[in-house]
Amino acid sequence: MSLRLTFFDGVNCIGGNKILLEEDDYALILDFGINFNEENKYFDEFLRPRSYFGIHDLYNLNLIPPLGGIYREDLIIPENLENFKNHPWYREINPIATLISHAHLDHVGYLSYLHEDIPIITSLISSLIMKSLEDTSRIISDLCLVRRKAQENGVLKTERNKFIKRPYITFGNGSISKIEEFWNKLERKDKKNIDIVDKPINIIDYETYKISPFEIIAFPVDHSIPGAVSFAIKTKIGWVVYTGDLRLHGRNKDHSENFIEKLKEISIKVLICEGTHPKVDRLYTEEDVKENIYNIVKNLKGYIIADFGARNIDRLMSFLEIAKEVGKRLVLTLKDIYLLEALSLVGYPDPKEDEYITFYKKPKGSYDTWEENLLDRYDIQGKGISAKEIRNSPDDFILCMSYYDFHILLDILPNGGTYIFSSSEAFNEEMKIDQKKIENWLNYFHIEIRGNLVEKREESPFHASGHIHGDGIIKLIDYARPEYLIPVHTEREKNIDFFDQFKDFCKVIYPKKGETIIIT
Ligand SMILES: [Zn+2]
Ligand SMILES: [Zn+2]
């Protein structure tokens, strides 16, 4: 009996986790994210992988694993496969599920390439975030609803109105009829002649899920995006625990604490543990950040811009509470409203009901279909705030936006104001931020920057990391007492001495990209 673990990425770097767990002929994929550092070595916003070559551009650069049987067949051009099959790591597998720890792109971004029949096992919250992401993005697609492609003249073209839903098995609870309504919503103008292979979203409570021959438990944990889970997988040789990304100092720190407590109760063979920040001192908790922001916002006049990155709903909640205390309204982008609306199905505030939540109303005619639909639901209630209204009374609002929304500054044309940088992600987890460009924009409009953009970011009073720190990792590993400890999502050279301290009671293995670790 043996268990094989292959780390196709997420080793000796932050993010891009793609881990294969195999026992006998059965395989599970743990996360399937983008390694932004690696992708950015070759591509940028102008030179992208060619979507009409399906998986091949990424495959030829070794950015996705050389495995047969895991990719969508409609993304493979058979005559281009030779190079693929000659790869020393190449083998055919037949995965029974993909486990997604959370909806950050460094864990889920390449999911669109995986075969559409492989079930996705994740939290209900993560699945709602993924659906919102694909409904509102011009770049990200095929996470939940796969748009079929067909080969034509040597390239792949999207077939008109042909879709296949991925099967989702999700942990969580909420109003099933409303969740199904959201899950089935198609944000398209042209709804005629749609050919859709439908698969229902399967919602199960947080309990053991059996997918033969494995048993899977998902533990909710705290992270800088809602819905993060750590997984425990029961195999023939014992439990394998995969932490995903987690922290102990956010609004849901109790979740992470419960998870760590539970580790005492199971006998763990292998612990795959994140190690983003083992040696970085935690200076501020999410609560401290909220207080620090409140203390400056309460005295500020003029334009306030809050940048907390995409999908960091917990930070958005902190800003909402601050807005209520200082009597200002939040102006969100429609993407945030769409996501909040989806998350209101699982207990987050309904943006329709909360008078402190408004959204930025762009000039008419610039809307995508999903935005037009959202406006139909919201605008009648006076939720939309135009550039003119903001200009007339800048003291009344906190504008929530990031670099990618800076076009709004060209509508408002502010002269002075304050930009609070309060994003939680490590730079290479979601997207590299371009410090110089942000500074250029803000300088142009004479807006003061508060918070550290890149250097000494951990010391910024408006920053609380998304990741567990050294003392928390020590407690986690001490409670888990695994036979094998495999650090991932970590920079090895920087952190090897930290993880070596656990050699007293477990075998510490630093995985190498593509290498299979056999555990008996
Ligand atoms: Zn990550
Ligand atoms: Zn993450």
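Within the shell defined by Cβ-Cβ distances under 14 Å, the residues around Leu28 carry a net charge of -1, with Lys and Arg each +1 and Asp and Glu each -1. Residue ranges 118-127, 434-443 sort as 118-127, 434-443 when ordered by packing (mean number of other C-beta atoms within 10 Å per residue, highest first).
Rounded to the nearest 500, the 222 nm mean residue ellipticity of the chain from helices alone is -7500 deg cm²/dmol, with -39,500 (n - 2.57) taken per DSSP H run of at least 4 residues. Only lysines eight or more places from Lys298 in sequence, or on another chain, were considered; those with a Cα closer than 18 Å are Lys290, Lys324, Lys328. For the pair Glu353 and Asp205, label points projected 7 Å from Cα toward Cβ lie 2.4 nm apart. Taking Cβ atoms as reference points and 12 Å as the exclusive limit, the residues near Lys475 contribute a net charge of -2, counting Lys and Arg as +1 and Asp and Glu as -1.
Local charge for Tyr42 was computed over the other residues whose Cβ lies under 11 Å away, with Lys and Arg +1 and Asp and Glu -1, and equals -2.
Relative contact order for the chain: 19 percent, from Cα pairs under 8 Å spaced at least 6 residues apart, divided by residue count.
In the structure shown, the pairs Lys157/Lys191; Lys199/Lys335; Lys85/Lys513; Lys178/Lys475; Lys149/Lys513 are assessed against 28 Å; a Cα-Cα span above that value is assigned to Lys178/Lys475; Lys149/Lys513. Peptides 8-21, 228-241, ordered by how many other C-beta atoms sit within 10 Å of their residues on average, highest first, read 8-21, 228-241. Cα centroids of segment 322-387 and segment 455-520: 40 Å apart.
So how tilted is helix 435-444 from the main axis of the chain? Cα-based, degrees 0 to 90, rounded to 10. Orientation of helix 435-444: about 10 degrees from the principal axis. For a distance above 21 Å, tell me the whole-number percent of Cα pairs in segment 286-459 that qualify. Within segment 286-459, distances greater than 21 Å cover 47 percent of Cα pairs. Of Lys18/Lys185; Lys269/Lys512; Lys210/Lys494, which pairs sit farther than 28 Å apart, going by alpha carbon to alpha carbon? Violating the 28 Å Cα-Cα cut-off are Lys18/Lys185; Lys210/Lys494. If you take every DSSP beta bridge fully contained in the chain, what fraction is antiparallel? Give it as a percent rounded to 5. In the chain, DSSP labels about 45 percent of beta bridges as antiparallel. Calculated on the Cα set of the chain, radius of gyration then Dmax: 22.9, 71 Å. For the peptides 343-349, 202-208, the ranking by packing is 343-349, 202-208, with the highest mean count of neighbouring Cβ atoms within 10 Å listed first. If each Cα of segment 279-383 is one equal point scatterer, what is log10 of I(q)/I(0) from the Debye formula at q = 0.15, 0.17, 0.18, 0.21 Å⁻¹? At q = 0.15, 0.17, 0.18, 0.21 Å⁻¹ the computed log10 ratios are -0.69, -0.86, -0.94, -1.19.
Charge dipole (Cα centre; +1 on Lys/Arg Cβ, -1 on Asp/Glu Cβ; no other charges) of segment 33-162 amounts to roughly 220 debye.
Readers should treat all values here as calculations from the given coordinates under stated rules, not as data from a laboratory. Since we're looking at a predicted model, the values are computed, not measured. Neighbour counts are summed over all protein chains in view; Cβ atoms, including those assigned to glycine, are modelled from backbone coordinates with ideal geometry.
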